[in-house]
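Step one of this worksheet: look at the structure below.
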Amino acid sequence: MARLLPLGVLLLLPISQVTAQLSNKTAPSFVFPSGYTSATFNVTAHASSPVSRTDFSNAALLALWDLVGPVSVGPVTTTVSPTPEPTYYAQPDANHFHALIPSRYPDLKDTKLPKDFKWGFSSSAYQIEGAARDEGKGPSVWDFLSHRVPNEVRDNSTGDVVASHYYLYKQDFARMKNLGVNRFSPSISWPRIFPFGKGPVNEAGVNHYDDVLLSMHENGIKASVTLFHWDTPLSLFVEYGAWSDKQIVDDFVNYAKFVIERYDGIVEEWFTINEPQYCNWQFSTYPYGTYLPDFLAADGVSKNENELRRRFLCGHYTLLAHAKVAKWYHNDFKGKGKITFKNSGNYFEANTTSQADEIARQRNFDFSVGWFGGPWTDGDYPTSLRETLGDILPAFTDEEKELVKGSCDFYAIDPYSSFTAYAIKGGLEACTSNASHPSFPECAGSHSVASNGFPIGPAADPSMSWLYSAPSGVRKYLKHLTTVLFPSIPSIVITEFGTSEPFESQYPTLNQALWDLRRADYFQSYLDEILLSIKEDGVPVAGAWGWAIFDNFEWAEGLKTRFGVQYLNYTSLERTPKASLFQFLNWFKEHEGSGNGTVKLFFFVVSTRAQSARLCMNQLPAALGRNVFLRCVETGSPRGWLVEHELKARVAVSRTLKLNDWESFGGGFGPVSLQRVLRRALVMLDAVGLDGGASPVTTTGMWELPTLCLCCSTATTTLETSVTTTCLWARQTTILPLFAVSLVLNLPRVVLHHLAVIAAVAKAARAGLRLTHPGQDLASVQAAACCSYNSSSTRCSPRPSPSSAVTSWPLSPARAPGPPTSLEPLLGGSTLLAPAVKRLAPPHDLHITRNPSRNRADSPSPIHTRSCGPSTQPITTTTTAPFVPATSAKRRHSLSEPDSPEGGPESHRTEGRSTLHISKRRRKADGTMRLDNDASKRSQSPSQTYTNGSTRSPGSRSSLGKVANGDSHSKADSNGSYSNGASTSNGRALPATFYGHDREEVTRILIQSLTDLGYHGAAGALCNESGYQLEGPTVASFRNAVLKGDWAEAEELLFGSNTRDHGGGIELSGSGYSKSWGKSPRPPSGGLTLAEGANRDEMLFWMKQQKYLELLERRDLGRALMVLRHELTPLHQDVGRLHALSSLMMCQSADDLKLQSQWDGAGGESRTLLLSELSKSISPSVMIPEHRLGVLLDEVKQTWISHCLYHNTAKSPSLYTDHNCERDDFPLTPAIDLKYHKDEIWYLKYSNDGSMLASTSKDMSIIIYDTVTYKPIHILDDHEAGVTHVAWSPDDSKIITCCSQKECAARIWDVKTGRCLVCISDFTYPPSTAAWCPDGRKVIIGSQDTKYGLAVWDIDGNLVYTFKVENLRVHDLALSPDGQRLVVLLEARILVYDFPSYEKIGDWPLEDVKLTNVTISADSQCMLVSMNENTIKLMEIETGDTLEQYKGHVQENFVIRSAFGGADENFVVSGSEDSRVYIWRTNGHLVEALDAHPNGCVNSVAWHPNDPKVFASAGDDRVIRIWKPTPNPRPANGFSGR
């Protein structure tokens, strides 16, 4: 008897809906959506009476299963707990006879995917679950088809058992986790949730999927769920025909809402429907009328017509069902994820260039993905479908179109293969007009054979006759989808791709099946092409899901067609990884970008007082707001540290950390809130784990980071000490624990001071070292951590311990003879920590010992690690007991202040400038920054020793070359060698110069370059040995201030405090319009040294402008207006710029502001760009220009290239040897002569892709050549006069030609067919030139006609726009490649227009010349203008300035064409009236004058756009010459050597 529960009785517990912020160890709960009832079903009972379709009882369900018949039961019938996975899986090994498939693109080796790229495997419920009739599931149509319809499945197998994933899912997820697969895309079985497709919910089914998703979550596997993968409830077929009736829409929406409401918090993205194209090849072909009821049957309607109607009704209701769910999801439910549906589609390429084949190609697209393209277009079907199908195709109402339009958040495609499309015999019209035609309604053919007659790729198993591996097709398809078919797609995901290994099911042994090399090749090749699509084509591919995780039920092909990357034994259910699995995983291991891991942070709070513990428990979570595991340990309780409270939260953490996040550590340590400090601390910890070389705990991307132990008590107890030790060392993981750091809540500088320790621990742990403190009790720990800061009157003294020979860091840096001041040698490969470590002084009581768990305690050899500083005392690792150094018992609040207020000479000599923040007041008093060569303003303070190894002396400086970012260096003698500036090496004095270059300059540039290269450990080692630092603290503070947007601070550091507005003017934060300097003005101080010729007001204007824009972005218009009036305007900079800035006040939103100002906001790159510009005006002795070594090397290479006469390659020269290109490698030899024209050739031009060459002639013809064979493709002869000009459309599908006097017309031609599409003959005088608009839909034509001298026409010949200029007779014109500038040549004037607005922005008359030809460079910056007499000029488009002139050729009486050419357009080539071709370097050096076309002019030249070693010339001799390099001579016997 059915147990129908009223709403709210079952599963409606007071639990919160699962959210996306869950830790992988958090057990989420699920809410039972309102509006549904549930029941339990037991179909082992026997039906006692007939059922109707309104009956949802057990008897009704039994009646449905009776339609199916008996089902098989597998060997597993209960959920199985996972057994431990092996630590190693047997896999291919190149050292053991055979490797996996190598990439065809070696250059992709270091190319990474976008950091948020999603990858994993897909599957579907019916294909893997089994348990067909278990736990209340209703039958699906596939249960019925596989059991009742003979041969509906090729091998007559069923999905009754398959992989039994229904019971083995825990083991499957454990394996995925162990293999490193952290995403899985399953489907949910509709009839398992709603056994009848509607009605009550099946409790057992819901409980099952609860546990499935929880198990995925616990294993760190993220879910992307498909709601419907073809397993339609059989009940709906019996009741009304399922997807052929509109009722299905509401029933599906009802089902989808339930599932989404319950699981949205744990599912990242939803796929409503899998491949709705299945309505064609599956749904419409079910056996209606024989086995399934045919509700569409009607008298006089053929079976074929019924099938067609059913096909398109199914597609129609599928789209509506999806659209309703999607709009509800976003508009009503406010879902957290994304939603779309999965398309099935393949790439089609036209078999030939004929128009008929191209139409066939498009129709194939229309009837596959175009059919369901409404979400990306106007919500309707393609025109070809509507025109062909007529009333067979259901029509959308206007409301339904709006519903469909925009209903997908991203595009999902399953591009398994590709096809060649061709026109069917008999023509298109004969098919579209005859619904009984075998090709109707597509009326287009396709096959898996390339146009050359060879198969397009390796075939899959013969049962999948349509499936061939075609990797280049997937790349073409991705680009075609996102640029041609549906340009509005924001991102695209490949939701399935894979192949069936041929004859795999016939292999007699498992070993044979495991070497699935064709599948391995498929994955390697497809993934390579996907990566190329992202990197080369710019396609926004966001994910790729392989099919399938293991062999499964392959629909009509049954069990004998295998797609799995794991071999499934259908008897034992054992899964065995195949070679293709490792091919797939290894590819992602090599190419996966950063950012996919989930980060776990552990904080221990240790206290003897419950009040302190509770304080931390209450404040830490709110302060951190991140992925936190917090354990509170109350040591005063009876059970000690076993008393534990946990707070768990989950958030994805990015591995990318900007530099300004680090610099903030050095910016200031005033009264900062706990929240701010702890967030900074967390940022540091993130980076230690992610970029400091932390190892993953598992291969799933989980990371274990150092623990920060927060000791909140000043009491000293043995218990607390043991608790601290236990907490730290009991948690030994991949990165060893860890280090106790005291935190006093109201004085957070302690945490900042010791974050460097945490970084050091992580590095040392990986090296097998253990960091300890001098003493085993908490008092020493607290003393080391400055716990006395809890009270301004309290001093903490470390408890003395027996001394040792081990050298350790002193407690007080003020007394340190040479304390190590950087942890960079320990941090090694840490890319992001290096800037932070420079800002943080290390704890001076820390030393390192061997970790006994990794190294023997009696290891005889200590390990010495040098610090990056002047100290000669290394950090020492040893196995002896900790040593407490002899230090002063006093501990100052400032780590840089002497112990006594007076200081004294001795203390001054040893006092180090703190790397912690120096107050602005102290920085001004120091007065160390001054203008170059200004010795009169040097500091009068005693010599100071800095932590970066530099010293400041009252003596004069010798040269600017000795200034290290504002800190000059003087040599301090120490133990017979100079430690500052590294003037010694192994006791030997080093010269002050390095091959004539200043040693300090070279060293600092090398430090910068090593950092740029990512070798931070090496940079640190160089700092250590040389004593030089990249930047001084003031420069670092300035950099930080700019990147943080602290404009008052930045201005003060840059210019000093005596600026015109006393430190920055209007505040960027806070309230009111108060100044930022506080109640009293500060004493004046100097700023950073500016470069010679730097404009201080201009620099100030740049900063104020940024400040103004950021205020506008915040919509703080009042303050923005104050900045504009009182800070920007008084600087008297560009008035036009001020007007433009003031107009931005009218922007309605931040987005509008960014659009109008072409500025990317405070969160973009604007601050970084500002800093880059400002740095150019700061003395390079203070702030080394960015990437200095790279710039110097570029200059070296450019010098080589400029002096290399024949340099014709885009490849960068090697630095190993001096560069020189051979003359024989330059195109100086006529290789091919084309003699198809009958008169003078006036013009020639390569197509944009270089695949074709077009020439025009006085003989009234245009010839188009194929550039592989240089054979004519078309000879176009419709013109009635000589043809003077030709231009290619952007996609090379069309050309436009201009004809001389008599015809006075321009013609547009179709390149594939050679047919003239339109003739524009409105001219009285001949058109002389033309260019295509970027959209390929319009052309610009220039002529001698005063009425249409310069006009824009569409490709149908309609006039769009006429430029109104008096006496406008155009000789030539060109449109810049970026479509922004139109350059027009009149007889002696050059006009420049902003083409999008048609506004003239330049008009430059030239005297005593006649302009003939213009070409624009590929970067749209320069124009090449030919003119009489004998001159070619390279000019800047925006200004008209002449950059270079080229002479030597002859041009006096005729139109002679010139062009850019060669690699990177390094050359200029021109014809000449003396029968020669002239070639210059763009710097003006003449390269060659080639005898080219005797007895006449060389009228035109064209350089191949993709092959720099080929160009063409044409002349009066009727010949086109193709020029190439001189062939290499070969011996007569054909052999070149031994």
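The values are calculated or read from the model by the stated rules, or taken from the named source; none is laboratory data. Owing to the predicted nature of the structure, the values given are computational and were not obtained by experimental measurement. Ideal geometry is used to build each Cβ from the backbone, glycine not excepted, and the neighbour counts take in all protein chains shown. Each accessible area value is taken on the protein alone, full model and side chains, heavy atoms only, with ligands, DNA and RNA left out. Shrake-Rupley method; radii C 1.70, N 1.55, O 1.52, S 1.80 Å.
Structure notes:
- Extension gain, Ala1094 to Arg1223: 0.36 nm times the residue separation minus the Cα-Cα distance gives 42.0 nm.
- Average projected area [Cα convex hull, region 331-429], square nanometres: 8.0
- Region 1219-1284 - percent of accessible surface contributed by carbon and sulfur, probe 1.4 Å: 45
- For region 1450-1513, the mean projected area of the C-alpha convex hull, equal to one quarter of the hull surface, is 4.0 nm².
- All Cα pairs of region 1236-1339, percent lying beyond 22 Å: 21
- Heavy-atom surface of region 1099-1201, accessible at 1.4 Å and reported per residue (Å²): 48
- The order of the peptides 1118-1128, 1279-1289 by mean Cβ neighbours within 10 Å, most packed first, is 1279-1289, 1118-1128.
- Cross-link partners for Lys118 among the aspartates and glutamates, with Cα-Cα distance under 17 Å and sequence neighbours closer than 8 places in the same chain left out: Glu268, Glu269, Asp409, Asp414, Glu496, Asp528, Glu529, Glu590, Glu592.
- Region 301-359, accessible area per residue, ligands and nucleic acids excluded (1.4 Å, Å²): 39
- Net charge in the neighbourhood of Arg148 (other residues with Cβ under 14 Å of its Cβ; Lys, Arg +1, Asp, Glu -1) is -4.
- From largest to smallest, the equivalent ellipsoid semi-axes obtained for region 205-244 from the alpha-carbon gyration tensor read 30, 12, 5 Å.
- Summarised in one figure, the compactness ratio Rg/Rh of region 1117-1186, Cα atoms and Kirkwood Rh, is 1.04.
- Cleavage-rule hits, chymotrypsin sites (Phe, Trp or Tyr not before Pro), region 1195-1226, DSSP coil, Cβ neighbours within 10 Å at most 14: Tyr1216
- For region 488-495, backbone phi angles converted through the Karplus equation (6.51, -1.76, 1.60; θ = phi - 60°) give residue-by-residue couplings of 7, 4, x, 7, 9, 10, 8, 8 Hz, Gly and Pro being listed as x.
- Sulfur and carbon atoms: percent of accessible area, region 208-357 [1.4 Å]: 45
- Karplus-derived 3J(HN,Hα), 6.51/-1.76/1.60, for each residue of region 1003-1015, Hz, glycine and proline x: 5, 5, 5, 5, 4, 4, 5, 4, 5, 4, 6, x, 8
- Region 1389-1538, accessible surface, carbon-and-sulfur percent (1.4 angstrom probe): 44
- Relative contact order of region 204-353, pairs being alpha-carbon contacts under 8 Å that are 6 or more residues apart, as %: 33
- Residues whose amide H comes within less than 5 Å of that of Trp119, counting only those at least five positions distant or on another chain, are Ala544 (H built at 1.01 Å from N in the peptide plane).
- Annotation: amide H of Ile1390 within the under-5 Å range of Trp1404, Leu1406, sequence separation 5 or more or interchain, hydrogens built in the peptide plane.
- Three semi-axes describe the equivalent ellipsoid of region 1181-1224; taken as square roots of 5 times the Cα gyration tensor eigenvalues and ordered largest first, they are 27, 9, 8 Å.
- Of all aspartates and glutamates in the structure, those lying under 12 Å Cα to Cα from Lys578, and not within fewer than 8 positions of it along the same chain, are Glu501, Glu504, Asp516, Asp551.
- Each label point was placed 7 Å from the Cα along the Cα-to-Cβ direction; for Glu1366 and Asp1335 their separation is 3.3 nm.
- Under the Karplus curve 6.51 cos²θ - 1.76 cosθ + 1.60, θ = phi - 60°, whole-Hz ³J(HN,Hα) for region 1323-1329, x wherever Gly or Pro sits: 8, 7, 10, x, x, 9, 7
- Solvent-accessible area per residue, Å², over region 1367-1520 with all protein chains present [probe radius 1.4 Å]: 38
- Cα gyration tensor, region 1255-1296 - rounded (a/c under 1.5), prolate or oblate: oblate
- Amide hydrogen neighbours beyond the local backbone of Asn1499, cut-off 5 Å, H modeled: Ala1514, Gly1515, Asp1516
- Set Lys137/Lys170; Lys257/Lys405; Lys112/Lys1044; Lys257/Lys342 screened for pairs whose C-alpha atoms are more than 22 Å apart: Lys112/Lys1044
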